[in-house]
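Below is one structure; the comments refer to it alone.
The values are calculated or read from the model by the stated rules, or taken from the named source; none is laboratory data. Remember, it's a predicted structure, so these values are computed and weren't measured experimentally. Neighbour counts are summed over all protein chains in view; Cβ atoms, including those assigned to glycine, are modelled from backbone coordinates with ideal geometry. These area figures cover heavy atoms from the full protein model, side chains too; ligands, DNA and RNA do not enter into them. Shrake-Rupley method; radii C 1.70, N 1.55, O 1.52, S 1.80 Å.
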Amino acid sequence: MVKNYFRTAFRVYTRNKVFTAINVLGLSVGISAALIIFLIVQFEYSYDKAEKDADRIFRVVMDMKFNGLDGHSAAVPAPLSTAAQHEVTGIESVVPVMQFQGDGTAAVSVKRNGTSQATVFKKQAKIVFTNPQYFSLLPFQWIAGTPASSLKDPFQVVLTESRAKQYFPSTGIGEVIGKQIQYNDDFSVTVTGIVKDLDARTSFGGLEFISFATIAQTHLQQDFMMNVWNDWMAYSQVYIKLAKGSVVANTEKQLNVLLQKYHDKANKDDANYMHFHLQPLSDVHFNGAYAGFDQRLAHAPTLRGLLVIAAFLLLLAGINFINLSTANASHRAKEIGVRKTMGSSRQQLIFQFLGETFLLSFLASLISLFAAPLLLGFFADYTPPGLAFRPFHQPYIFLFLLGLSLLVSFLSGLYPAFILSAYKPVNVLKDQLGMGNSTRHAWIRKTLTVSQFVIAQFFVIATVIVSKQINYALNADTGFRKDAVLSFSVPHRDTLFSRRTALLYEINALPGVQLASRGFLTPAAEGASFANISYAGETDDNKEMVQLRWGDTNYLKLFNIKLLAGRNIEESDTIKEFLVNETYARHMGFASPADAVGKQLEFNNMKMPIVGVMRDFHTQSLHGKVGPVVFAGFAQRSYEFHVLLRPQRPGSASWSTTITAIRQAYNRRYPNEDFTYKFLDDTVAQFYQAEQRTAGLLRWATALSVLISCLGLLGLVMYTINTRTKEIGVRKILGATVVSIVSLLSRDFVRLVLIAFIIAAPLAWWAADKWLQDFAYRTAMSWWVFALCGLSMLLIALVTLGIQTLRAAVADPVKSLRRE
């Protein structure tokens, strides 16, 4: 019987090739998108599943408020880990994880067997300082050494197998133990352990582990601020594993008591405070508020949005199937009548129609399976690094497609199956299906069509508004120049100030350079630096965390930061005076910027004058408001160079030529370092990376939803024209024009698209308004955006309708009337 079901289904689909093609194409698009989205979501949610007792592992993070502005940090004061080990109860282990300073990389030197010259790896990443407890959190397999002793003493290092082979390719793994490795020409360590690389996705990204006790025996003691509680570095993190039965709230309370003990100004009032908070390990990969140093994050709302998009696309494909199946029901009425007369039960007919749906869904799934690698290429900008499509190594892909085929078959085929199987054989064989049923089914089809276009128009409006906000953010007046500005850094260990000065002079002399400057951070930077500063003469309670920038006298001119009052800073090797931004001046109570000039700030227990007030500029994205900022002259500690390039004009030096000249000047002074640079406008664009990914995914979703909706509309138009062929012929014989016939055939469908717009517009406005609330500065939701989207969708629908209706309107009426 099952074989007969499939034989019948095959005959039905080959007899109705166009409707079959539309259904298969619609289902393939929906299932393909769902498969890609499933792979992305499954990949991201597989993070941090391998850690032992993951439910008891937490990262210590900080929640802050300065002058009423909220802040969050994954970094914590460096001495916290040591203090927590000795003074906090209910903890099984405390694990500090500290990266190398600067960009998180180090120059690594190793001596290999048979060579007299050391091999140097200039920028090795994923090197961390930690303690032996690190290995109790993760399922590392030890090849050599033991977790208890390998990181117990100073100047010890544990390598992953991949790093051991990279450093000592011709040496057996067991013989690597005892080898010496030197870091940044600062200190050497001994290899005391080797572990296999983790075959798991985790937020712990280390590949090379130096004993935490090494810090206290080197200059890193000062660099890492190991005794400072009121400041912290981005690369200082602490994980803890709670003892069984410990309560999170109790541990958090003890940690905050510890903070108050060593930093008594941590909690001044409700507008200025610092609190420790325990972040569950399961939240680390998804919470952008606590973005860790060199940590790749997934955006949980985007993943949930992707699942919604997948559901909508499958819904659209299912609606297509239901619409075309019910519309085509009259063509199968006699078949159903004969089957029932010959003894078929309604249950058998339902299984027949569900089987036909499954056959289509299964065929669409096979197409999706072969299309997935191609689609992953198209979605390369949105797929996480490391995501691969290897179905024979990922059996859950086949299970997902099978499950999805069954689900789509059941949901899409159930309603048509019940409708078709309910026909009474007497009425069917007499060709009397009844106008009541036909009208009811037409209303159902219209409702489903409206639903399709509601979804499609929602995506169209959402895409335009998201793109409009991104364009607004990238082109808004940020208070500084960001075009044609590139930045690069020299090594922080360079203590020869004259070498940096000579490099600056040489760069300024290049014909393609308009101006060069030294400073610490660009106006808008990926990182942030805060300092405790207070308005002199006030109580210590007035002290607050203020963003700090410093540089030479050309810094403001290069970035075109305007002075509202006072003068620019003077060249200085130490911090002697400050510029403040207008927000900070207001926070100090000055109604006019000029009133702040001449007043004094207290910094590092010294009083320093305010010599000028800068116009506000955005140090971060438009998500947050502008906070207090100070700028100081501090040439001695300026390791970052900023270069304003001249406009590219005929006859002038090209940017590539100028950058090559800058690289050559850099390499002459730092021959063993790599020259890397970044344009400031690229840094600003990265602030909105998540939004740009969202916009890109919305564009894909919009294109696919419009395609599926138009496929469904095309199928319904073809069905309508087929059922009204005789009517069209009679109208033409009676003198109807082509325009009037096209208008007659299109009128109902255009009305459905307009109704869909009326429903979609307020839904899209509500959703977009909620999304825009996340921006302190946002674009306006103009009425023309909705009007333009509605007209665009109407135009697409008219083009889809016009192809078929025009063909029907110009057809020879004699042929249509002879069909009887």
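Does residue 245 satisfy being modelled with pLDDT under 80 and open to solvent by 10 Å² or more (accessible area, probe 1.4 Å)? Even if it seems obvious, please write down each step before you answer.
Values: modelled with pLDDT under 80: no; open to solvent by 10 Å² or more (accessible area, probe 1.4 Å): yes.
No; evaluated as a whole, the condition is false for this residue.
What number of residues in segment 154-193 are under 29 Å from residue 491 (Cα atoms) and touching a strand residue (DSSP E or B) at 6+ places or on another chain (Cβ under 8 Å)?
Residues in segment 154-193 being under 29 Å from residue 491 (Cα atoms) and touching a strand residue (DSSP E or B) at 6+ places or on another chain (Cβ under 8 Å): 23 in total.
Restricting to segment 381-399, give me the number of residues that are free of Cβ contacts under 8 Å to residues at least 24 places away in the same chain and either assigned to a helix (DSSP H, G or I) or surrounded by 10 or more Cβ atoms within 10 Å (Cβ to Cβ) (or both).
5
Here are some residues: 775, 786. Which one is out of contact with any Gly (no Cβ under 6 Å at 6 or more places or on another chain), closer than 23 Å to residue 463 by Cβ, open to solvent by less than 60 Å² (accessible area, probe 1.4 Å) and not in a helix (DSSP H, G or I)?
Selected residue: 775, the only one of 775, 786 that is out of contact with any Gly (no Cβ under 6 Å at 6 or more places or on another chain), closer than 23 Å to residue 463 by Cβ, open to solvent by less than 60 Å² (accessible area, probe 1.4 Å) and not in a helix (DSSP H, G or I).
For residue 694, indicate whether it is crowded, with 21+ Cβ neighbours inside 10 Å, in contact with a Leu (Cβ under 8 Å, 6 or more places away or on another chain) and part of a helix (DSSP H, G or I). Let's see the steps before the verdict.
Details: crowded, with 21+ Cβ neighbours inside 10 Å: yes; in contact with a Leu (Cβ under 8 Å, 6 or more places away or on another chain): no; part of a helix (DSSP H, G or I): yes.
When the stated conditions are applied, residue 694 does not pass them.
Restricting to segment 691-730, count the residues that are more than 22 Å from residue 313 (Cα to Cα) and either hydroxyl-bearing (Ser, Thr, Tyr) or modelled with pLDDT under 75 (or both).
Number satisfying all stated conditions: 12.
Among the residues in segment 120-135, are any open to solvent by 40 Å² or more (accessible area, probe 1.4 Å), in a loop (DSSP other than H, G, I, E, B), basic (Lys, Arg) and modelled with pLDDT of 85 or more?
Within segment 120-135, one or more residues are open to solvent by 40 Å² or more (accessible area, probe 1.4 Å), in a loop (DSSP other than H, G, I, E, B), basic (Lys, Arg) and modelled with pLDDT of 85 or more.
Pairs, please: C-beta under 8 Å, at least 6 apart or cross-chain, first residue over 17 Å from residue 57 (Cβ atoms) and of a type in the set (A, V, I, L, M) and in segment 243-259, second in a helix (DSSP H, G or I) and open to solvent by 50 Å² or more (accessible area, probe 1.4 Å)?
So the pair list comes out as 258/87.
State all residues of segment 100-119 that are within 30 Å of residue 677 (Cα to Cα) and either surrounded by 20 or more Cβ atoms within 10 Å (Cβ to Cβ) or not polar (S, T, N, Q) (or both); if no residue qualifies, say none.
Listed by number, the residues that qualify are 100, 102, 103, 104, 106, 107, 108, 110, 118.
For segment 588-597, give me each residue that is over 20 Å from residue 561 (Cα atoms) and surrounded by fewer than 20 Cβ atoms within 10 Å (Cβ to Cβ).
Passing the criteria: 588, 589, 591.
So in segment 605-633, with the set limited to residues that are open to solvent by 40 Å² or more (accessible area, probe 1.4 Å) and in a loop (DSSP other than H, G, I, E, B), which one is modelled with the highest pLDDT?
Per the criteria, the residue is 615.
Of all residues in segment 483-504, count the ones that are open to solvent by 30 Å² or more (accessible area, probe 1.4 Å) and either under 20 Å from residue 655 (Cβ atoms) or in contact (Cβ under 8 Å) with a residue 24 or more places away in the chain (or both).
7
In segment 565-595, which residues are part of a helix (DSSP H, G or I) and either within 36 Å of the chain's Cα centre (by Cα) or of a type in the set (A, V, I, L, M) (or both)?
582, 583, 584, 585, 586, 587, 594
Scanning segment 254-276 for residues that are more than 13 Å from residue 84 (Cβ to Cβ) and basic (Lys, Arg), which turns out modelled with the highest pLDDT? Give the steps one after another, and end with the answer.
Step one: filter segment 254-276 for residues more than 13 Å from residue 84 (Cβ to Cβ), giving 260, 263-275.
Now drop any that are not basic (Lys, Arg), which leaves 265, 268.
Numbers: 265: 74, 268: 67.
Ranking the qualifying residues of segment 254-276, first place goes to 265.
Residues in segment 765-779: is at least one modelled with pLDDT of 85 or more and of a type in the set (Gly, Ala, Ser)?
For segment 765-779, residues modelled with pLDDT of 85 or more and of a type in the set (Gly, Ala, Ser): present.
Tally up the residues in segment 671-727 that are hydrophobic (A, V, I, L, M, F, W, C) and within 29 Å of residue 656 (Cα to Cα), please.
Qualifying residue count, segment 671-727: 6.
Cβ-Cβ under 6 Å, sequence separation 6+ or interchain: first residue in segment 665-691 and small (Gly, Ala, Ser), partner open to solvent by 60 Å² or more (accessible area, probe 1.4 Å). Which pairs?
Listed by first residue and then by second, the contacts come to 690/299.
May I ask you to say which residue of 115, 82 is more than 22 Å from residue 282 (Cβ to Cβ), hydroxyl-bearing (Ser, Thr, Tyr), out of contact with any helix residue (DSSP H, G or I) (no Cβ under 6 Å at 6 or more places or on another chain) and at pLDDT below 90? Working first, answer last.
Values: 82 fails: at pLDDT below 90.
Just one listed residue meets the conditions, 115.
Of the conditions (1) farther than 25 Å from residue 48 by Cα; (2) buried (at least 18 other Cβ atoms within 10 Å of the Cβ); (3) modelled with pLDDT under 90, residue 156 fails just one. Which one is it?
Every listed condition holds for residue 156 apart from (3).
Looking at segment 604-622, is at least one residue free of Cβ contacts under 8 Å to residues at least 60 places away in the same chain and either under 24 Å from residue 685 (Cα atoms) or within 37 Å of the chain's Cα centre (by Cα) (or both)?
Yes, segment 604-622 contains at least one residue that is free of Cβ contacts under 8 Å to residues at least 60 places away in the same chain and either under 24 Å from residue 685 (Cα atoms) or within 37 Å of the chain's Cα centre (by Cα) (or both).
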